[in-house]
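Okay, structure first, notes after.
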Amino acid sequence: MEIFMEKEDETLPVFDLEDATNYMAKVVFLDEKIEEVEKVAKRYIEKINSWKKGQSKELKGKKEFFEQRLIEYYSVEKDKNPKFKLSTPFGEVSQRKTSKWVYGDDEGKIVRQLKALGHEELVRVKEEIDKNALKQKFKVDEGRVIDSETGEVLEEVRV
């Protein structure tokens, strides 16, 4: 398309319907280019994420192997000498006096189970703004957001 080969001058205003048509064509063309870039990026991102997942799984398995060997060594030495400390230039191995809680990957499942067991008090409710409902209930006047019923201004929101 010829109109896309022209050097773009951001200072040129729209003077007439032809200019507006050319600018609109550029907008449509650029939307298509953006969509194309996102499509290509998505394909490669999925491929990279798949590769990363496979590599990470393998490396985590190897890491767990070495960590387990260190724990076994530490336990044997700790049994021999209760004051034993394992310290290397790359880190230390020590015992914890407290237990570590591991909550798993699906927090929603835990929430549902707590509710089913009757422990709703252990579940926090996150409050947030319902932006769609806010836009319907409030009106805009000179950039200010005003309650259409009471006329009060919502100070923290600007349009």
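Among VAL76, VAL157, VAL111, VAL145, which is the only one that is part of a helix (DSSP H, G or I) and touching a residue at least 12 places away in the same chain (Cβ under 8 Å)?
VAL111
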**Message:** GLU18 - would you say it is out of contact with any helix residue (DSSP H, G or I) (no Cβ under 7 Å at 6 or more places or on another chain), part of a strand (DSSP E or B) and open to solvent by 80 Å² or more (accessible area, probe 1.4 Å)?
**Reply:** no
**Prompt:** VAL102: open to solvent by 100 Å² or more (accessible area, probe 1.4 Å) and closer than 30 Å to ARG124 by Cα, yes or no?
**Reply:** yes
**Prompt:** Residues of the range 92-116 being at pLDDT below 90 and in contact with a strand residue (DSSP E or B) (Cβ under 9 Å, 6 or more places away or on another chain), which ones?
**Reply:** SER94
**Request:** Of the conditions (1) assigned to a loop (DSSP other than H, G, I, E, B); (2) over 30 Å from GLU152 (Cα atoms); (3) open to solvent by 100 Å² or more (accessible area, probe 1.4 Å), GLU128 clears all except one; give me its number.
**Result:** (2)
**Asked** Yes or no: TYR23 surrounded by 10 or more Cβ atoms within 10 Å (Cβ to Cβ) and aromatic (Phe, Trp, Tyr)?
**Response** yes
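The values are calculated or read from the model by the stated rules, or taken from the named source; none is laboratory data. Predicted model, so just to flag it, every value in this text is computed and none were measured. Cβ: placed from backbone, ideal geometry, glycine included. Neighbour counts: every protein chain shown. The area values use the complete protein model at the heavy-atom level, side chains included, leaving out ligands, DNA and RNA. Shrake-Rupley method; radii C 1.70, N 1.55, O 1.52, S 1.80 Å.
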